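Participant: To start, I am sharing the structure in question, which I have written as structure tokens.
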Amino acid sequence: MQLFYNKDISVSDTQFTFDKTESRHIVKVLRKKDGDLLYITNGKHELFTVKIILANDKKCLVEIVNSESKIKPWNYHLHVAVAPTKNNDRLEWFLEKATEIGIDEITPIICDNSERKVLKTERLEKILQSAMKQSLKFVLPKLNSPIKFSEFIQKDFNANLYIAHCEESKKHTLAKSIKPTTDILILIGPEGDFSSKEIEKALSKNFLPVTLGESRLRTETAAIVATQTVALINELH
């Protein structure tokens, strides 16, 4: 199955028109023609089967022949709040792989030791969409706007809370601390780690300090390890 994405398609529609870019890709690159079937998701757990009724490379028109609600493959809600990496490619890699594994929400947090404090989210959204289509998932992870750690930590969270940091102090193993089938929020710091002040603030807000293993991991690697750990614990439950 080749999956397309469009946030605007809904179950109330009977027809749908692709934009110029997608239309050209469908007609010129994929060489689809009238009568061919395509598959579209709106990233909201819905899959649409459509039939091309006008294979125009500027305005490809399709008829919706079937729609179905898809159950999310994982039975938990995972929110990873991660400091943007200095090298933007590494953040994009995390978003891609986390989407393939299964993640619900990502918040870029600007920390005291962050080397990247400005983030353009338009490209990151496209990375998420592409990874969702490639991995044949029907839910698009929510990418929140970047926010300062000091502001983010003041929010009220209805989830099990974890902070992964590198300071020498008593920490729990994440894999042994995860409660299956629950809402989870994990904080992942920048290359220079969270500051002591940030760690203290998180602990005061009932975040559990956790370790991801003996190795000192890059930010994006730590975020992937956390994502996969949550997935694995839930699969084994």
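Participant: What percent does the relative contact order of the chain come to when contacts are Cα pairs within less than 8 Å and at least six residues apart?
Facilitator: 21
Participant: Now for a separate question. What 222 nm value per residue comes from the helices of the chain, counting each DSSP H run with n ≥ 4 as -39,500 (n - 2.57) and dividing by all residues, nearest 500 deg cm²/dmol?
Facilitator: Roughly -8500 deg cm²/dmol at 222 nm, from the helical runs in the chain.
Participant: Around LEU212, which amide H atoms from residues at least 5 apart in sequence, or from another chain, sit under 5 Å from its own amide H, with H modelled in the peptide plane?
Facilitator: none
Participant: If you plug each phi of region 144-155 into the Karplus form 6.51 cos²θ - 1.76 cosθ + 1.60 with θ = phi - 60°, what whole-Hz ³J(HN,Hα) values come out, in order, with x for Gly and Pro?
Facilitator: In residue order, the calculated couplings are 7, 5, x, 8, 5, 3, 4, 7, 4, 5, 7, 6 Hz.
Participant: Against the longest alpha carbon principal axis of the chain, how many degrees, from 0 to 90 and to the nearest 10, is the axis of helix 88-101 turned?
Facilitator: With both axes taken from Cα atoms, the answer is about 70 degrees.
Participant: Tilt of helix 121-134 relative to the longest C-alpha principal axis of the chain, in degrees (0 to 90, nearest 10)?
Facilitator: 70
Participant: While we're looking at this one, here's another question. Binned at 10 Å from 0, what are the whole-percent values of the Cα-Cα distance distribution for region 1-119, short to long?
Facilitator: It works out to 12, 32, 24, 23, 8, 1, in whole percents.
Participant: Further question on the same structure: If you add up the charges near ARG24, with Lys and Arg at +1 and Asp and Glu at -1, over every other residue whose beta carbon is less than 15 angstrom from its beta carbon, what do you get?
Facilitator: +4
Participant: Quick one: pull the percent of accessible area on region 3-71 belonging to carbon and sulfur, 1.4 Å probe, ligands and nucleic acids left out.
Facilitator: On region 3-71, the fraction of accessible area on carbon and sulfur atoms equals 47 percent.
Participant: Further question: Relative to the longest principal Cα axis of the chain, at what angle does helix 219-236 sit, 0 to 90 degrees, rounded to 10?
Facilitator: Between the helix axis and the principal axis of the chain, the angle is about 80 degrees.
Participant: Bin all alpha-carbon pair distances of region 87-175 at 10 Å intervals from 0 and give each bin's fraction as a whole percent.
Facilitator: So the P(r) values, bin by bin, are 14, 40, 38, 9, 0.
Participant: Averaged per residue, what accessible area in Å² does the chain show with a 1.4 Å probe, protein chains only?
Facilitator: It amounts to 53 Å² per residue over the chain.
Participant: Oh, and also: Rank these residues by their accessible area, most exposed first, probe 1.4 Å: TRP74, TRP93.
Facilitator: Accessible-area ranking of TRP74, TRP93, largest first: TRP93, TRP74.
Participant: Calculate the radius of gyration of the Cα atoms of region 161-237 to one decimal place, then report Dmax, the largest Cα-Cα distance, as a whole number, both in Å.
Facilitator: Answer for region 161-237, Rg first and Dmax second: 11.9, 36 Å.
Participant: Would you mind telling me the share, in percent, of accessible area of region 131-171 contributed by carbon and sulfur at probe 1.4 angstrom?
Facilitator: Here carbon and sulfur together make up 44 percent of the probe-accessible area.
Participant: Shifting gears a bit: Mind listing the long-range amide H neighbours of VAL82? Cut-off is under 5 Å, sequence gap 5 or more, other chains count too, H placed in the peptide plane at 1.01 Å from N.
Facilitator: So VAL82 has HN proximity to THR107, ILE109, ILE188.
Participant: Output the relative contact order of region 25-105, whole-number percent, from Cα pairs under 8 angstrom with separation of 6+ residues.
Facilitator: The value is 21 percent.
Participant: Amide H neighbours of ASP112 under 5 Å, at least 5 residues apart or on other chains, H built in the peptide plane: list them.
Facilitator: SER195
Participant: Something else now. Tell me, what is a quarter of the convex hull surface for the C-alpha atoms of region 135-195, in nm² with one decimal?
Facilitator: 6.4
Participant: If you find the alpha carbon centre of region 132-149 and of region 67-83, how far apart are they in angstrom?
Facilitator: Each part reduced to its Cα centre gives a spacing of 9 Å.
Participant: Just add up the charged neighbours of PRO209: K/R +1, D/E -1, any other residue whose Cβ is under 14 Å from the Cβ of PRO209.
Facilitator: Value of the local net charge: 0.
Participant: Right, next: For the chain, what mean projected area does the convex hull of the alpha carbons give, in nm²?
Facilitator: Result: 13.9 nm².
Participant: Follow-up question, since we're still on this one. Express in whole angstrom the spacing between the alpha-carbon centres of region 25-49 and region 194-237.
Facilitator: One Cα centre to the other: 39 Å.
The values are calculated or read from the model by the stated rules, or taken from the named source; none is laboratory data. The structure displayed is predicted, hence computed values, not measured ones. We place every Cβ from the backbone using ideal geometry, glycine too, and count neighbours over all the protein chains shown. For accessibility, only protein heavy atoms count, side chains too; no ligands or nucleic acids. Shrake-Rupley method; radii C 1.70, N 1.55, O 1.52, S 1.80 Å.
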